[in-house]
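The values are calculated or read from the model by the stated rules, or taken from the named source; none is laboratory data. Everything numeric in this text was worked out from a predicted model, so none of it was measured. For accessibility, only protein heavy atoms count, side chains too; no ligands or nucleic acids. Shrake-Rupley method; radii C 1.70, N 1.55, O 1.52, S 1.80 Å.
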Amino acid sequence: MSSNKNREDIFARLLKGETATPQDPEIHLLQKSSYATKQLLVKMNSSSDPSEIRSILGEITGSIIHESTSVFTPSYINYGKNIKIGKNVFINFNCTFLDLGGIIIEDNVLIAPNVSLLSEAHPIEPENRQSLVPGLVHIKKNVWIGANATILPGVTIGENSIVASGAVVAKNVPDNTLVGGVPAKTIKTL
C-alpha cells in the first residue's frame, strides 16, 4: 500500500518517458483528462479574441501564454499540461498536439497549418500495441515548421531549422538545417 502512495501519477510517469500499459491502474485518467481538456478546447476554438484564446490555452497548459504569442484556432490538444510555449510563437490553424510525453516550443517558432506534434505512440508488436510510449518533442528557438508536417515522439528540432511542408520527422534535426520528405532527410545546411 505505501508503495502506491509514493508512486507518481500516470501523467508524471509518462512525462518521464515511462510506457503506460492497459493494465496500469490509472490508465482511465488519460481519457478523463482528455475530455476535460476538450471542454476548454470547445471554448477556445469558438473564440476569435486573441486574448481570450491565449487565456484559455493558458488554462489548458497550466501556464501563462505570453501576449506576443498568437494561436489561430481551431487547435487540438489531448492533455495540455505538458505543453510549454515560449514568447513570439505563431501557431496557425488546425494543429494537433499530443503532449502526454511533453512538448516544448521555444521562442520565435513558426508553426504552419495542419502541423502535428506527437509526443506519444504505440509499440509495433500487436500484443503490446495498446500501450502508450511517450517521447518529448522539443522545438528549439527560431524554428519554422511547414504545413502538414508531423513531428514524431522523441524528436528535437534544432535552433533556426526548417521542416519542409509535408515532412514526417522521426529523428532529431541539427541546428540550422532544412529537412523534408517522408521520412525527413537533410536537404541542406542553412
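Counting protein heavy atoms only, the chain has 54 percent of its accessible area on carbon and sulfur, 1.4 angstrom probe. Percent of Cα-Cα pairs more than 19 Å apart in the chain, please. Every Cα pair in the chain considered, those over 19 Å come to 59 percent.
For the residue pairs Lys38/Lys84; Lys140/Lys188; Lys140/Lys171; Lys32/Lys87; Lys84/Lys141; Lys81/Lys140, the alpha carbons lie more than 21 Å apart in Lys32/Lys87. Over the chain, DSSP H runs of length four or greater, each weighted -39,500 (n - 2.57), average out per residue to a 222 nm ellipticity of -6500 deg cm²/dmol. Region 67-82 and region 155-190 have their alpha-carbon centroids 23 Å apart.
Excluding ligands, DNA and RNA, the accessible surface per residue across region 76-163 is 40 Å² with a 1.4 Å probe. Residues Arg7, Arg54, sorted by accessible area with the largest first, give Arg7, Arg54 [1.4 Å probe; ligands and nucleic acids excluded].
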